[in-house]
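Written out below as structure tokens is the structure these notes cover.
The values are calculated or read from the model by the stated rules, or taken from the named source; none is laboratory data. Model, not experiment: these values are computed from the prediction. We place every Cβ from the backbone using ideal geometry, glycine too, and count neighbours over all the protein chains shown. Quick note on the areas: whole protein, heavy atoms, side chains included, nothing else; ligands and nucleic acids left out. Shrake-Rupley method; radii C 1.70, N 1.55, O 1.52, S 1.80 Å.
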Amino acid sequence: MHFCDEIDFTKEPSFRSPDKTEKENKVLESLDQLFEVLQLKDGDTISFHHHLRNGDFVVNKVMEEIHKRNIKGLTLAISSIFPCHSPLVAYLEDGTILHVITSYMSGPVAEAISEGKLRGKLVMQSHGGRARAIMEDELAIDVAFIAAPASDRKGNLSAVDGNAFCGVLGYAVADSIKAKQVVAITDTLLDKESHTEIPQERVDWIVKIDAIGNPQGIISGTTRITKDPVGLSIANKAVEVMVATGLVKDGLCYQSGAGGVSLAVTKTLGEYMREHHIQGDFASGGVTGDLVEMLHEGLFQRIYDVQCFDLVSAESVKNDESHISMSAEKYASPYRDPCVNGLDFVILGATEVDLNFNVNVTTGHDGYIMGGSGGHQDTAYGAKVSIIVSKLHQSRIPLIVDRVGVITTPGSTVDILVTERGVAINPRRTDLMDALTNAGVEFMTIEELQEIQHGIIGKPSPKQRENKRVIGVSEYRDGQIIDRIYEV
């Protein structure tokens, strides 16, 4: 039957004149007023992003309002959790929050979940996996709360204006597209549109509060270059290895993690590129001032930025057309030809690496959650060469173990391990072995590197996983469950 056959053309047409006040006034005066119109209910899924990192105020303010209304059993889909979110612990314990889906967590909330205080389940995703799950409706969000540094009265959101500017809102883009309701929470209302990153048609409500966060909290101890001589020697060795592959040349595409040693690799690489007059194509990912400096010197033609790690990079996004913001989907979604697939190198850290090159950046040696994939899985898969940089041991805690506590990134996507005591190459990468051999760069097996470690700190007792309660899962970027996370 044709669609028109279902229409009764004999009926008098009707037209309801729209009430323009319904949508022309998106601005609400308080969070209390917001919850009068939201109709959030038990069991809903709510989302937040983390561009203000450890300076965020929005999550705690919103959750306090929810708690006042005795709404229970929520799924918290938050891109990352930081120590500033410690008030959430009480909401885990009383059942306000039932499940947590995130890409990274540290601080009191991570400790509480590790100790079994979350009544439901924990799902740890990658940044690309989170974007994929949202865009494919696998993760359905009822209300997305977006901390917006600035908004005009129609809901055009900017990350480079306002008191708490953070540069980019890349992790909130998928939420803004797919959530049933989108709430922008801001402390800066603009008279006119400016530097829009999330447009008005995606925003249902705007709430102005006194402060959304402290922009200084964007900077944390994990985003400062190491000054440790051992860490610096690892960085020098990593760049030597990179050069030996033959990929450090004009057109280089590069990303570094946010750990101190990884950032030192970036600095050392920059020195090499200056000396040898190399201009890369792009750098990407979470961006620091060191990458911005390299961009402004002409060492890279472009930066693709999903999150600013400091205020220098946030300023750069605003003022430099070569510094380009991107969504988490463009950055790392596995099915969208993401930016990570164009990388030559990614430099990443590790809490543990096992003999199969599996990497753990989710839990510490004691089993407590202290991190998460973020973009670790995504970039390790996408880059031509993924390099893990880490000390062989911290005090007497080993880097190389027989089996990591939690698989965050599968060893099939990890290529090289660089430590202060030597370099190991994944046996899958015979091409890299040949390149380093031809360049005269020494390397060994990961088993040999582990024996050196044992000679220094002794052989640790194997970890016990049996008879422990499973509190969550480590999910791969395509949605597969790759490991379990156990209660401490």
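Numbers below:
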| item | result |
| --- | --- |
| Spatially near lysine pairs across segment 21-179, Cα under 23 Å, sequence gap of 8 or more or different chains | 22 |
| In Hz, Karplus ³J(HN,Hα) per residue of segment 142-159 (6.51, -1.76, 1.60; θ = phi - 60°; x = Gly, Pro) | 7, 9, 9, 9, 10, 6, 10, x, 7, 8, 7, 6, 8, x, 7, 9, 10, 9 |
| Largest to smallest accessible area among LYS26, LYS237 [probe 1.4 Å] | LYS237, LYS26 |
| Potential extension, THR196-GLN279 segment - 0.36 nm per residue separation minus Cα distance | 26.8 nm |
| Accessible surface, per residue, of the chain when the full set of protein chains is kept, probe 1.4 Å, Å² | 42 Å² |
| Net charge dipole size for the chain [Lys, Arg +1 and Asp, Glu -1 on Cβ; Debye, nearest 20] | 940 debye |
| Tensor-based shape of segment 342-487 (alpha-carbon gyration tensor, a/c under 1.5 rounded, otherwise prolate or oblate) | oblate |
| Where labels lie 7 Å past Cα in the beta-carbon direction, separation of ALA140 and ASP402 in nm | 4.5 nm |
| Partners for LYS237 among lysines (Cα-Cα distance below 17 Å; same-chain residues under 8 apart left out) | LYS227, LYS267, LYS391 |
| Surface share of carbon and sulfur [accessible, 1.4 angstrom probe, percent] for segment 332-390 | 45 percent |
| Three-way shape label, segment 405-488, alpha-carbon gyration tensor, a/c 1.5 | oblate |
| Helical segments meeting 15 Å axial Cα length and Kyte-Doolittle -0.5 threshold in the chain (DSSP H) | 58-68, 229-244, 260-275, 446-457 |
| For the chain, with +1 on Lys and Arg beta carbons and -1 on Asp and Glu, the positive-most of PHE345, GLN301, VAL230 along the dipole | VAL230 |
| Total charge dipole magnitude, segment 315-420, about the Cα centre, Cβ charges on Lys, Arg, Asp, Glu only, Debye to nearest 20 | 160 debye |
| Long-range HN-HN contacts of ALA148 with modeled amide H, under 5 Å | ILE185, THR186 |
| Listed residues HIS276, HIS49, HIS296 arranged by accessible area, highest first, probe 1.4 Å | HIS296, HIS276, HIS49 |
| Value of [θ]222 nm, deg cm²/dmol, for the chain, DSSP H segments ≥ 4, -39500 (n - 2.57) each, nearest 500 | -7500 deg cm²/dmol |
| DSSP bridge pairs, the chain: antiparallel proportion in percent, nearest 5 | 25 percent |
| Label-point separation in nm, GLN394 to GLU36, each point 7 Å along Cα→Cβ | 4.9 nm |
| Accessible area of segment 126-193 belonging to carbon and sulfur atoms, whole % at 1.4 Å probe | 42 percent |
| Of all accessible heavy-atom area on segment 409-488, the percent that carbon and sulfur account for (1.4 Å) | 48 percent |
| Sequence-separation-based contact order of the chain, relative, with Cα cut under 8 Å and 6+ spacing, percent | 15 percent |
| Residue-by-residue Karplus 3J(HN,Hα) for segment 394-406, coefficients 6.51, -1.76, 1.60, Hz, glycine and proline x | 10, 6, 10, 9, x, 7, 8, 10, 5, 8, 5, x, 9 |
| Which label in (1) 174; (2) 138; (3) 221 gives the computed volume of the Cα convex hull per residue in Å³ | (1) |
| Linear extension gain, ASN341 paired with ILE457, 0.36 nm per residue minus alpha-carbon span | 37.9 nm |
| Cα-centre dipole for segment 150-252 with unit charges at Cβ (Lys and Arg positive, Asp and Glu negative), debye to 20 | 240 debye |
| Sites ASP434 and LEU311, calculated FRET efficiency, Cβ-Cβ separation with R0 35 Å, nearest 0.05 | 0.20 |
| Residue-level accessible surface for ARG302, protein heavy atoms, 1.4 Å, Å² | 70 Å² |
| Tensor-based shape of segment 379-447 (alpha-carbon gyration tensor, a/c under 1.5 rounded, otherwise prolate or oblate) | oblate |
